[in-house]
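Below is one structure, written out as structure tokens; the observations come after it.
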Amino acid sequence: MQKSPDLKFKYVKGLGDFIACILHSKPVGWLTKFITGRDKPCMQCNRRREALNILIPFRMWKWFFKDEDDLLSNLAAEYRASDYKVSIDYEKKMISFSKAYITHNK
């Protein structure tokens, strides 16, 4: 399974992202999956992640990108490469993405 693009250190916006990247990295990810039974963060983990990002922000992404628009463009490109539908709002500095799964019942 391919790692979610937002779980890469180059997109870290704060402590929450940093912790999520560590918990889902190769050396520790197997233990996280064993304990939680999930490959990806759940909704509660994502809320905690956002709260920690707000409380303790540090922009690790500035080491990789010239500005926030460049960050959003690169993140959107990674999501598109993973077959997500992506829209970017540069004014609000937000990205939204979705992936639809179609299953056929027999």
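The values are calculated or read from the model by the stated rules, or taken from the named source; none is laboratory data. The structure presented is a predicted model; accordingly, all values stated were derived computationally and were not measured. Reconstructed Cβ throughout: ideal geometry from the backbone, glycine too, with neighbour counts over all protein chains shown. Side chains are part of the model used for accessible areas, which takes the heavy atoms of the whole protein and leaves out ligands, DNA and RNA. Shrake-Rupley method; radii C 1.70, N 1.55, O 1.52, S 1.80 Å.
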*Can you give the accessible area per residue of the chain, in Å², using a 1.4 Å probe?*
75
*asked:* Just to be sure I understand the rule: take each whole DSSP H helix in the chain, project its Cα atoms onto its long axis, keep it if the span is 24 Å or more and its mean Kyte-Doolittle hydropathy is at least -1.0. Which ones pass?
replied: none
*Could you give the size of the charge dipole of segment 12-56 about its Cα centre, using +1 on the Cβ of each K and R and -1 on the Cβ of each D and E, expressed in debye and rounded to the nearest 20?*
80
*With a 1.4 Å probe and all protein chains in place, put I95, I54 in order of accessible area, largest first.*
I54, I95
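From largest accessible area down, sort Y11, Y90; use a 1.4 Å probe on the protein chains.
Ranked list, largest accessible area first: Y90, Y11.
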*Springs between alpha-carbon atoms under 10 Å, Gaussian network over the chain: tell me which of L72, L55, L15 tops the mean-square fluctuations.*
L55
*asked:* Could you tell me the relative contact order of the chain? Use alpha-carbon pairs under 8 Å, at least six residues apart, and round to a whole percent.
replied: 25
*Cα to Cα, under 16 Å, and not fewer than 8 places away if on the same chain: which lysines meet these conditions relative to K8?*
K26, K40, K62
_Rounded to the nearest percent, how much of the accessible area of the chain (1.4 Å probe, protein heavy atoms only) is carbon and sulfur?_
58
*Given the Cα-Cα distance of M60 and M94 and 0.36 nm per residue of separation, how much length would full extension add, in nm?*
10.5 nm
*asked:* Please list F9, F64, F34 from largest to smallest accessible area, probe radius 1.4 Å, with all protein chains kept in place.
replied: F34, F64, F9
*Given the Cα-Cα distance of D83 and D39 and 0.36 nm per residue of separation, how much length would full extension add, in nm?*
14.0 nm
